[in-house]
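What follows is a short report on a single structure.
The values are calculated or read from the model by the stated rules, or taken from the named source; none is laboratory data. These numbers were taken from a predicted model, which means no experiment stands behind them. Cβ coordinates were reconstructed from backbone atoms using ideal geometry, including for glycine residues, and neighbour counts include every protein chain displayed.
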Amino acid sequence: MKPILAAATVLAALTAVPLTSSPAAAGEPTCRGQSATHVGTLGEDLTTSPGADVVVTNGARRVETRDGDDVICVTRDAPHRVTVVPGAGDDLVDSTRYDGWGLRTYLGVLHETGSSGDDTYVGGDAPDRVLVFSGTAEDHKVVSGEGDEDVLKIGSPYAGTVAADLGPGTDDYFANGLHAGVDVEGGPGRDFLLTDCPGCTSAGFDLGTGAVTVDGAAAGTAAGFQSLSLFRRRLEELTVVGDAGFNSVTAVACTADVRGNGGGDVLVVHPAGSAVCATPSAAIRGGRGNDLLRGTPGDDLLVGGPGTDSAYGEAGVDVCEAERRRGCEG
């Protein structure tokens with residue numbers, strides 16, 4: 001899915017949420033225009049009954065809803081971490097009225113089996129932390145972030161699809177569930193993509209188009225991310241293509257082909273574990289801009305390109321083209 005389509009999917013989902021209760025009367029606690037069936041208490045836990053609920057958290061410390069299609073509004077700043085755990089069902093969590101710094105929402109709990117539902121998360125100006133750890137291939141999650149320092153983490157047990165737009169600001173995407181149908185847009189600002197790519201033998205990331213491949217097959221998209229950190233000690237082959245601006249790439253692989261393209265890039269490749277790779281090597285090209293390139297202990301090719309570049313060859317017989325060179329034999 002192209003980034004603009006991912007954002008459109010998020011918008012469409014946010015405007016198509018069904019009502020689950022009658023409209024609110026004046027003075028009643030409400031969530032998205034509906035009368036609350038459950039209202040939390042500051043600092044206390046709240047657990048709802050089975051069935052469709054409308055919840056106003058009101059500063060509750062931990063909120064868990066049971067089975068049913070629930071609508072949850074996270075409200076009121078609280079001097080403690082707030083945790084929201086929707087149950088099975090197609091749930092909507094709205095944090096646009098929350099002004100704190102410790103909100104975590106689990107759209108699928110670790111070690112749970114079965115469907116976690118088709119859930120939607122609507123973030124506000126405060127930092128959002130959304131975690132998706134379980135669910136079947138039929139599940140779908142929609143995540144929208146509007147504040148700075150949002151975090152989205154998708155665990156490898158989750159088998160469903162995701163359409164996410166993290167919005168403006170500096171955001172983190174922990175992508176441990178890389179597969180087709182997981183499409184994440186970083187949004188404006190400097191955004192970080194981090195993964196250990198569990199089970200991968202080879203992986204490819206195009207930071208310009210957002211395309212991700214795992215073992216030669218399409219594995220979703222991650223668009224609008226300027227920094228990539230990949231720590232897979234058993235990754236045999238890695239390919240990374242940067243965008244036209246600044247990129248920071250730190251990766252572990254046996255063999256790597258990393259191209260920074262434009263901008264002043266920082267491109268670093270560490271060797272995979274010795275059980276996978278006896279002779280690591282990397283071809284790293286910075287492209288335009290003032291780049292910093294650091295290779296593996298094996299035989300590397302480090303080419304800075306136009307600009308004032310620095311190349312660090314480490315051990316091995318390294319060929320370097322840069323204005324500043326260290327550990328380079330050719």
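Key figures for this structure:
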{"item": "Which numbered condition VAL258 fails, given (1) modelled with pLDDT of 95 or more; (2) touching a Cys at 6+ places or on another chain (Cβ under 7 Å); (3) of a type in the set (A, V, I, L, M)", "result": "(2)"}
{"item": "Any chance GLY68 is of a type outside the set (A, V, I, L, M, F, W, C), buried (at least 19 other Cβ atoms within 10 Å of the Cβ), modelled with pLDDT under 95 and assigned to a loop (DSSP other than H, G, I, E, B)", "result": "yes"}
{"item": "Evaluation of CYS328 against (1) in a loop (DSSP other than H, G, I, E, B); (2) of a type outside the set (Gly, Ala, Ser); (3) under 29 Å from the mean Cα position of the chain (by Cα) (one fails), failing number", "result": "(3)"}
{"item": "Subset tally (residues that are assigned to a loop (DSSP other than H, G, I, E, B) and over 17 Å from ALA219 (Cβ atoms)) for segment 235-269", "result": "13"}
{"item": "All positions within segment 214-248 that are free of Cβ contacts under 8 Å to residues at least 24 places away in the same chain and closer than 21 Å to LYS153 by Cβ", "result": "SER248"}
{"item": "Residue among ARG190, ARG233 that alone is farther than 22 Å from GLY260 by Cβ and of a type in the set (D, E, K, R)", "result": "ARG233"}
{"item": "Hits in segment 212-226 - residues which are more than 14 Å from the chain's Cα centre (by Cα) and either in a strand (DSSP E or B) or on the phi < 0 side of the Ramachandran plot (or both)", "result": "THR213, VAL214, ALA217, ALA218"}
{"item": "Residue within segment 292-304 that is in contact with a Phe, Trp or Tyr (Cβ under 9 Å, 6 or more places away or on another chain) and assigned to a loop (DSSP other than H, G, I, E, B) present", "result": "yes"}
{"item": "Segment 165-184 residues that are farther than 19 Å from HIS140 by Cβ, paired with ones that are of a type in the set (Asp, Glu) and at pLDDT 95 or above (beta carbon under 8 Å, 6 or more apart)", "result": "GLY167/ASP150; GLY169/ASP150; THR170/ASP191; ASP171/ASP150; ASP171/ASP191; ASP172/ASP150; ASP172/ASP191"}
{"item": "Scope segment 261-280; condition at pLDDT below 95 and not aliphatic (A, V, I, L, M); matching residues", "result": "ASN261, GLY262, GLY263, GLY264, HIS270, PRO271, GLY273, SER274, CYS277, THR279, PRO280"}
{"item": "Elements of type strands (runs of 3 or more DSSP E) in segment 114-203, at least 1 residues being buried (at least 21 other Cβ atoms within 10 Å of the Cβ), at pLDDT 95 or above and small (Gly, Ala, Ser)", "result": "140-144, 161-165"}
